[in-house]
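See below for the structure under consideration.
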Amino acid sequence: MLLIRDLAQVATPAGRAAPLRGEALGDIDLVEDAFVLCDGDTITAVGRMRDLPSLDGDVLEVDGRGQCAVPGLVDCHTHAAFAGDRVDEFSLRASGAGYEELHARGGGILSTVRATRAAGEDGLRAAVERHRGWMLRHGTTTFESKSGYGLDRDIELASLRAIRDAGGVPTWLGAHAVPPELDDADAYIDFALADVLPDAARIAEAADVFLERGAFDAGQARRYLTACRDAGLVLRLHGDQFTEQGAIALAIELGARSVDHLEATGDEGIRALAASEVTAVVLPASALFLGRPMPPARALVDAGAAVALATDFNPGSAFCESLPLCCSLAATQLRLSPVEALSACTVNAAHVLGRADRIGRLAPGHRADVVLVGATDWRHLAYHLGGDVVSRVIVGGVP
Ligand code: NIG
Ligand code: FE
């Protein structure tokens, strides 16, 4: 057994429901002078120190003094399967080059495709492990990652295997960009659906598409996603990042799990999402990194949409592996409270990954994934802007 004791606070999204919408996103269960007790990889009890039962047998104790416990963080949108970096492009952008312009010139996503293909399966596995380690140090105990930097059969499948073998939740982002060896988006989708989907569907849990000018249009996205749904995959979309191209309507039509980005979403999109089962995944680090408008997260929550928060970790638009930093951005840029931000990157993110019954809360029966925040008020998770706020991470009952 593992006993995390003498914690200043234990903070966890309230209730058992998922996803949390509207005012429920801001409901928290807070226990002061508290413990978390785990048996193997499962939480068995959370309570006040004065109610701690006497424990027999082997108990490993973790000293929680001066710290708070929150659920292990869930990053439901990353692109961790890439080799190399784009620091040169980052420097060019700092002196005025546009992100979409670099992509149109064959840089951007395609320069990472070149580096990822060159790294091969072993290099890619090492890169995913390294990126996973960065996320873990910032409190991410469950991560999703997309493929999308292979865009050929071998490296797309190698990406999905590397993500799965690193403990991640693999999403096939087959439709991320058109690779240089094919003429157009339709020809690429023909290839991807015929040659990659049958095997990708055996490894991945979901499929994703970049629906945007310069990438794939709504007709191409519909064709790709319909085939992926028929192969048994959950559907997700990159939508409304720069322009509204019908991603929300398509997500609702196809019963997608989420639509992610939404920096360009207007009132009609907000209303449509709020009335749907599709989760809105907001990625403030990406908007910040590209100097773009922030997504309308406050309006989405107030309208009743299910909102999740993720990093979008990738080499081009968000070289950021820290969900605590995203919680800061949620509080300072998106006008979400620290409680809403926490719920959005725990319970609601777990819902996006189809795992809300097992992760995203500190509650009996949930996996023993716990983040210790190095402060006596857990809200320092969002308050400390980019600081060293995670003092300890427990994954599946293992500190
Ligand atoms: O979510 N927008 C498309 N894909 C990624 C960025 C990929 C890249 O720049 O390498 C995103 O922002
Ligand atoms: Fe993304």
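List of remarks:
- Criterion: within 16 Å of ligand 2 (Cβ to nearest atom) and farther than 16 Å from T141 by Cβ - qualifying residue of L334, L325, L329: L329
- Residues (among the small types (G, A, S) and away from ligand 1 (no atom under 16 Å from the Cβ)) located in segment 282-321: A297, A299, A303, G304, A305, A306
- Tally of residues being within 15 Å of ligand 2 (Cβ to nearest atom) and of a type in the set (D, E, K, R) across segment 227-272: 5
- Meets criteria (open to solvent by less than 70 Å² (accessible area, probe 1.4 Å) and either within 11 Å of ligand 1 (Cβ to nearest atom) or within 24 Å of E129 (Cβ to Cβ) (or both)) for A81: yes
- Within segment 132-152, restricting attention to residues that are touching a strand residue (DSSP E or B) at 6+ places or on another chain (Cβ under 8 Å) and assigned to a helix (DSSP H, G or I), the residue that is surrounded by the fewest Cβ atoms within 10 Å (Cβ to Cβ) is R137.
- Matching residues, segment 206-228, being over 21 Å from the mean Cα position of the chain (by Cα) and of a type in the set (D, E, K, R): R213, D217, R222, R223
- Within segment 177-197, restricting attention to residues that are open to solvent by less than 10 Å² (accessible area, probe 1.4 Å) and outside any helix (DSSP H, G or I), the residue that is farthest from Q241 (Cα to Cα) is P179.
- Evaluation of L7 against (1) touching a Lys or Arg at 6+ places or on another chain (Cβ under 9 Å); (2) open to solvent by less than 10 Å² (accessible area, probe 1.4 Å); (3) closer than 22 Å to A344 by Cα (one fails), failing number: (3)
- All of G374, G316, G365 fail the test of being at pLDDT 95 or above and either assigned by TED's automatic domain parsing to the domain that holds A80 or of a type in the set (A, V, I, L, M) (or both), apart from G316.
- Checked against (1) within 25 Å of L92 (Cβ to Cβ); (2) assigned to a helix (DSSP H, G or I); (3) in contact with a Gly (Cβ under 7 Å, 6 or more places away or on another chain), A285 passes all but a single condition, namely (3).
- For I155: the one exception among (1) open to solvent by 10 Å² or more (accessible area, probe 1.4 Å); (2) at positive phi: (2)
- Taking segment 355-382 as the range and being open to solvent by less than 50 Å² (accessible area, probe 1.4 Å) and either among the β-branched types (V, I, T) or free of Cβ contacts under 8 Å to residues at least 24 places away in the same chain (or both) as the test, the residues that pass are I359, V370, V371, V373.
- Of all residues in segment 309-358, those that are in a strand (DSSP E or B) and either touching a strand residue (DSSP E or B) at 6+ places or on another chain (Cβ under 9 Å) or closer than 19 Å to C68 by Cα (or both) total 2.
- Residue selected from segment 90-120 under the condition open to solvent by 20 Å² or more (accessible area, probe 1.4 Å) and within 16 Å of ligand 2 (Cβ to nearest atom), by the criterion modelled with the highest pLDDT: L110
- Residues of segment 14-23 that turn out to be over 12 Å from A344 (Cα atoms) and in contact (Cβ under 8 Å) with a residue 24 or more places away in the chain, as a count: 1
- Checklist (1) in contact with an Asp or Glu (Cβ under 6 Å, 6 or more places away or on another chain); (2) more than 16 Å from ligand 2 (Cβ to nearest atom); (3) closer than 30 Å to V36 by Cα applied to R153, failing item: (3)
- Residue in segment 275-295 that is within 23 Å of L233 (Cα to Cα), among the aromatic types (F, W, Y) and within 15 Å of ligand 2 (Cβ to nearest atom) present: no
The values are calculated or read from the model by the stated rules, or taken from the named source; none is laboratory data. Since the structure is predicted, the reported quantities are computational estimates derived from the model, not experimental observations. Virtual Cβ from ideal backbone geometry, glycine too; neighbours counted across all protein chains shown. Accessible surface is based on the protein model in full, side chains and every heavy atom, while ligands, DNA and RNA are left aside. Shrake-Rupley method; radii C 1.70, N 1.55, O 1.52, S 1.80 Å.
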